[in-house]
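Here is the structure we will look at.
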Amino acid sequence: MPFQLLYISRATRPMLGIDIESILFTARRFNQRSDITGMLISSPANFMQVLEGDEAAVKESYARISADPRHRAHVILRETEVEARQFGDWTMASHIYRDHQLDGMIDDITAVVGNCDVITKSYLLGFSQRALAA
């Protein structure tokens, strides 16, 4: 069974689109090599990410991610085995909050998390709704 880790962290500075694109480029390359799938949601101040795959690979990835100086105050919200991968072929699905693109964000994220279990879906949608309210 795949292992899933979900965490939240705080950006050390406001993240621009180019910063997130750089993070995603690196993550997708690493995740493809490590057979990890997941999703990253970012707001200018916070990140929420789900990683899934082999437990050792996911924990190694999280250790590398948590050492990244672009964010701090990491809190693991969930570590569990899941029946099946919830992000299928996504080496890293993502959603980046930009002020000029708020319309339809919850619908977009809802579509991506449609196959997730209720707990994972609740965390991701809750984070998204809070980011929109900020």
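Looking only at the stretch 1-24, residues that are hydrophobic (A, V, I, L, M, F, W, C) and in a strand (DSSP E or B) come to 5 in all.
Looking across the stretch 45-70, the residues that are touching a helix residue (DSSP H, G or I) at 6+ places or on another chain (Cβ under 9 Å) and over 19 Å from Arg29 (Cβ atoms) come down to Ala45, Asn46, Met48. Has the stretch 5-15 got at least one residue that is surrounded by fewer than 12 Cβ atoms within 10 Å (Cβ to Cβ) and either within 24 Å of Arg130 (Cα to Cα) or modelled with pLDDT of 90 or more (or both)? Yes - at least one qualifying residue is present in the stretch 5-15. Contact map, the stretch 56-74: residues that are among the aromatic types (Phe, Trp, Tyr) paired with residues that are modelled with pLDDT of 90 or more and surrounded by 13 or more Cβ atoms within 10 Å (Cβ to Cβ), Cβ distance under 6 Å, separation 6+ or inter-chain. Pairs shown: Tyr62/Leu5.
Please work out if Ala27 is part of a helix (DSSP H, G or I) and at pLDDT 90 or above. So Ala27 fails the test.
Test Ile119 against the criterion of being surrounded by 14 or more Cβ atoms within 10 Å (Cβ to Cβ), at pLDDT 85 or above and assigned to a helix (DSSP H, G or I), and give yes or no.
Taking the combined requirement at face value, the residue satisfies it.
Residue count for the stretch 20-60 satisfying the condition of being acidic (Asp, Glu) and closer than 25 Å to Asp107 by Cβ: 2. Residues of the stretch 47-62 that are buried (at least 20 other Cβ atoms within 10 Å of the Cβ), of a type outside the set (A, V, I, L, M, F, W, C) and over 11 Å from the mean Cα position of the chain (by Cα): Gly53, Ser61. Contact map, the stretch 18-38: first residue more than 22 Å from Ala84 (Cα to Cα), second residue of a type in the set (D, E, K, R) and loosely packed, with under 13 Cβ neighbours inside 10 Å, Cβ cut-off under 9 Å, separation 6 or more or different chains; pairs are Asp19/Arg13.
The values are calculated or read from the model by the stated rules, or taken from the named source; none is laboratory data. Note that the structure is a prediction, hence the values are computed from the model and not measured. When we count neighbours, we look across all protein chains shown, and the Cβ atoms used for this are built from the backbone with ideal geometry, even at glycine.
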